[in-house]
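J.: Please see the structure below; I have some questions.
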Amino acid sequence: MPTDGADRDRLLARYRELVLDVLPRRGRAEGWAVQVDHCVGRVVLDNTLGGAWRTVLPAGRGAAYARLAPDDLARAVALAERMDAEGADLVAELDARSLAWRGKPAKRPPR
């Protein structure tokens with residue numbers, strides 16, 4: 001787990017790379033359940049925190065991911081890495097869980 005500012009900076013940079021670029025790009029190219037950065041971020045944060053992130057993470061200024069506790073940030077990056085490794089099926093499962101925490105129905109799979 002991160003123990004210093006350099007570790008945190010590295011994790012924040014990796015989080016941004018995955019959530020703002022890598023995963024949305026793959027999502028669009030491969031037809032994932034989530035294809036835009038804010039939706040990918042919702043899925044990562046919700047599943048890292050075990051509920052809708054806005055109800056779990058204390059309110060504050062700045063991006064939600066930047067306010068994560070060090071251990072939570074490390075877990076968020078690990079989850080995003082896993083999403084990149086495992087792809088569409090895992091993303092769909094995590095998206096459905098995130099939507100359920102928010103009281104919304106799961107998306108229908110494409111035909």
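The values are calculated or read from the model by the stated rules, or taken from the named source; none is laboratory data. Values in this document were obtained by computation on a predicted structure and should not be read as measured data. Positions of Cβ are backbone-derived with ideal geometry, glycine not excepted, and every protein chain shown enters the neighbour counts.
J.: Could you identify the single residue in ALA74, ALA85, ALA92 that is within 23 Å of ASP9 (Cα to Cα) and out of contact with any Asp or Glu (no Cβ under 9 Å at 6 or more places or on another chain)?
T.: On the way: ALA74 fails: out of contact with any Asp or Glu (no Cβ under 9 Å at 6 or more places or on another chain); ALA92 fails: within 23 Å of ASP9 (Cα to Cα).
Matching residue, one of ALA74, ALA85, ALA92: ALA85.
J.: In addition: Go through the stretch 10-25 residue by residue and tally those that are free of Cβ contacts under 8 Å to residues at least 40 places away in the same chain and not charged (D, E, K, R).
T.: Selection size over the stretch 10-25: 3.
J.: Here's a follow-up. Quick check on ARG61: is it of a type in the set (D, E, K, R) and touching a helix residue (DSSP H, G or I) at 6+ places or on another chain (Cβ under 8 Å)? First the steps, then the outcome.
T.: Values: of a type in the set (D, E, K, R): yes; touching a helix residue (DSSP H, G or I) at 6+ places or on another chain (Cβ under 8 Å): no.
No.
J.: Just one of GLY50, GLY62, GLY31 is at positive phi and in contact with a Pro (Cβ under 7 Å, 6 or more places away or on another chain); which is it?
T.: Of the residues listed, the single one that is at positive phi and in contact with a Pro (Cβ under 7 Å, 6 or more places away or on another chain) is GLY31.
So that you can scan it fast, the table gives a plain yes or no per residue for (1) of a type outside the set (Asp, Glu); (2) surrounded by fewer than 18 Cβ atoms within 10 Å (Cβ to Cβ); (3) under 14 Å from the mean Cα position of the chain (by Cα); (4) modelled with pLDDT under 95:
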{"residue": "GLY5", "(1), (2), (3), (4)": "yes, yes, no, yes"}
{"residue": "ARG8", "(1), (2), (3), (4)": "yes, yes, no, no"}
{"residue": "LEU18", "(1), (2), (3), (4)": "yes, no, yes, no"}
{"residue": "CYS39", "(1), (2), (3), (4)": "yes, no, yes, no"}
{"residue": "ARG42", "(1), (2), (3), (4)": "yes, no, yes, no"}
{"residue": "ALA74", "(1), (2), (3), (4)": "yes, no, yes, no"}
{"residue": "PRO105", "(1), (2), (3), (4)": "yes, yes, no, yes"}
{"residue": "ARG111", "(1), (2), (3), (4)": "yes, yes, no, yes"}
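J.: Tally up the residues in the stretch 1-39 that are of a type in the set (Phe, Trp, Tyr) and under 23 Å from ALA106 (Cα atoms), please.
T.: Here is the first cut: in the stretch 1-39, the residues of a type in the set (Phe, Trp, Tyr) are 15, 32.
Still in the running and under 23 Å from ALA106 (Cα atoms): 32.
Total satisfying the criteria: 1.
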